[in-house]
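Single-structure report; data block below.
The values are calculated or read from the model by the stated rules, or taken from the named source; none is laboratory data. Everything quoted here is computed from the prediction, not taken from an experiment. Ideal geometry is used to build each Cβ from the backbone, glycine not excepted, and the neighbour counts take in all protein chains shown.
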Amino acid sequence: MSDISNTKARLGVAGLDNILVGGLARGHLYLLEGSPGTGKTTIALQFLLDGAAQGETGLYVTLSETEDELRMTATSHGWEIQDKFNIFELAPPESLLDGEQQQTLLYSSDLELGETTKAMFEAVEAIKPDRIVLDSLSEIRLLAQSSLRYRRQILLLKHYFARNGATVLMLDDLTTESNDKTVHSVAHGVVRLEELAPDYGAERRRLRVIKYRGQSYRGGFHDFTIQRGGVNVFPRLVAGEHKTEFERSVLTSRIGALDALLGGGLERGSSALVLGPAGSGKSLLTMHFAKAAVERGEKVALFIFDEELGLLFARAKAMSIDLAAMQATGNLFIDQVDAAELSPGEFAHRVRARVDASQVKTVVIDSLNGYQAAMPAEQALLLHMHELLQYLNRQGATTFVTVAQHGLVGDMKSPVDITYLADSVILLRYFEALGRVRRAISIIKKRSGDHEDTIREYRIGRNGLSIGEPLEDFQGVLRGVPTYTGASKPLLGREEVVQADNERDFLSAGDERV
């Protein structure tokens, strides 16, 4: 057995070690449980490979899988486990027909529990490992045949391994008597793996630390994935653990009338919710802020749920926003997000990694409707968004979240109400006037500083968003069917619209007067 100086044995899964505050306390027995296919064997292999990398001796005792199956699993992840740790196979099926070996083979279904335990102890005495994996407890439970004998056997294993100073990870596939909590009371720590099958999309996996004696850990459920290279765990984001100091300056969109609506701009380290029906320009508005940030030399990240990137690039370029050119500067990062394939925890991890690694200061999530598709319930969405927005705010990142409302005009509903989470709320609306469908913008909420309480008309053209004067002579604009009450005519007539198109301008006087 190696001389181990550090007090924790890492599992070799960065996210899980983070949840366990460094790993497993040495010299104790732990339980890793979950139904078949949840990743127990993969984590166990990573546990032993991490020990091998630190010069520790490992032993994998298998009663359920063959050595060839273990090597096949390792190969699928690109690992070479030859000479990395010892594998002790208690039931090698390839020897079934070998008459000379049948007297020495141990089959969990045929032999007494005592003989199986004795063979296991002999292997431990011969190898003297620092780390042990026992796969799996289901076979031992079947051999014990009664809960009393099973508990005594687990206690025997615990005391034996404790005397040897090994850190033991026992696997349980929960295929028999899954309600039996015998090992829970005996083990020093318990981690449960779960797999969820949504109605559509890839399976979702999550884990939870049920117990860890004398040790703090990150509670709750944490999403994880199994990919080539092993298990990736995404610890639940806790915004309160992350705090940075930054200057709360005012950021502008460089559209004069829009900045005037916002009382000069948005505060750094705040969040803005852009609400409106489909096609109203929510994405375009956020891209103006992204463009302004890139022009200031800051880094921006766009997380696109709803639109194919090729179409987004072409549409933005047609409105004088060259995303490809901004991306080439290294200051713009664009991630296409597939809500059907990505868990909420993994998405939060991706956002955090981008902000931490690239020092991103403007984040756009387009849209919350796509993000909601990855959530099991509305309440979970609110909690995830609360932590994510709080984290981004504490990092000094300005966040824009778009939400597509149901309907086009009149009374419209949002799929989920997060207006109370956002620091600012920008409302976009369609309305009908003079025989044309028009658009209006207003600021409903802004926590820091003043903002206009007016409603302005805006238009989407070849130069992006153009915003006009306040619609002071109309009522009912936000309801979609306004009533004209004034003597003036602030809206453009048909001839003026044609002229504005020819001049590639729209109510530019409104911008100049701001």
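Miscellaneous remarks
- Residues of segment 109-121 satisfying the condition of being over 41 Å from the mean Cα position of the chain (by Cα) and either closer than 30 Å to GLY12 by Cβ or modelled with pLDDT of 85 or more (or both): THR116, THR117, LYS118, ALA119, PHE121
- Any chance ILE418 is β-branched (Val, Ile, Thr) and without any contact (Cβ under 8 Å) to a residue 40 or more places away in the chain: no
- Residue in segment 319-331 that is of a type outside the set (Gly, Ala, Ser), surrounded by fewer than 19 Cβ atoms within 10 Å (Cβ to Cβ), outside the structural domain of ILE226 (by TED's automatic domain parsing) and under 25 Å from HIS386 (Cα atoms) present: no
- For segment 191-207, the candidate set comprises residues that are surrounded by fewer than 15 Cβ atoms within 10 Å (Cβ to Cβ) and touching a Lys or Arg at 6+ places or on another chain (Cβ under 9 Å); within that set, the residue that is modelled with the highest pLDDT is LEU196.
- Pick from segment 221-280, criterion of a type in the set (D, E, K, R) and under 30 Å from GLY22 (Cα atoms), ranking: surrounded by the fewest Cβ atoms within 10 Å (Cβ to Cβ): GLU245
This table checks each residue for (1) within 22 Å of GLY476 (Cβ to Cβ); (2) under 27 Å from the mean Cα position of the chain (by Cα); (3) at pLDDT below 85; (4) among the acidic types (Asp, Glu).
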position	(1), (2), (3), (4)
GLY407	yes, no, yes, no
TYR420	no, yes, no, no
ILE426	yes, yes, no, no
LEU434	yes, no, yes, no
ARG438	yes, no, no, no
SER442	yes, no, no, no
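- Counting only strands (runs of 3 or more DSSP E) wholly contained in segment 365-452, the ones carrying 3 or more residues that are over 30 Å from PHE221 (Cα atoms) and touching an Asp or Glu at 6+ places or on another chain (Cβ under 7 Å) occupy 436-446.
- Selection of helices (runs of 4 or more DSSP H) fully inside segment 122-190 by the criterion of at least 2 residues being under 23 Å from ILE210 (Cβ atoms) and at pLDDT 90 or above returns 147-164, 182-186.
- Within segment 287-294, none of the residues are touching a Gly at 6+ places or on another chain (Cβ under 7 Å), farther than 16 Å from THR399 by Cβ and surrounded by fewer than 23 Cβ atoms within 10 Å (Cβ to Cβ).
- Count of residues meeting criterion [in a helix (DSSP H, G or I) and without any contact (Cβ under 8 Å) to a residue 60 or more places away in the chain] in segment 207-239: 0
- Yes/no for VAL403 being over 21 Å from LEU251 (Cα atoms), within 23 Å of the chain's Cα centre (by Cα) and without any contact (Cβ under 8 Å) to a residue 60 or more places away in the chain: no
- The set of residues from segment 320-337 being farther than 11 Å from LEU302 by Cβ and acidic (Asp, Glu) comprises just one member, ASP322.
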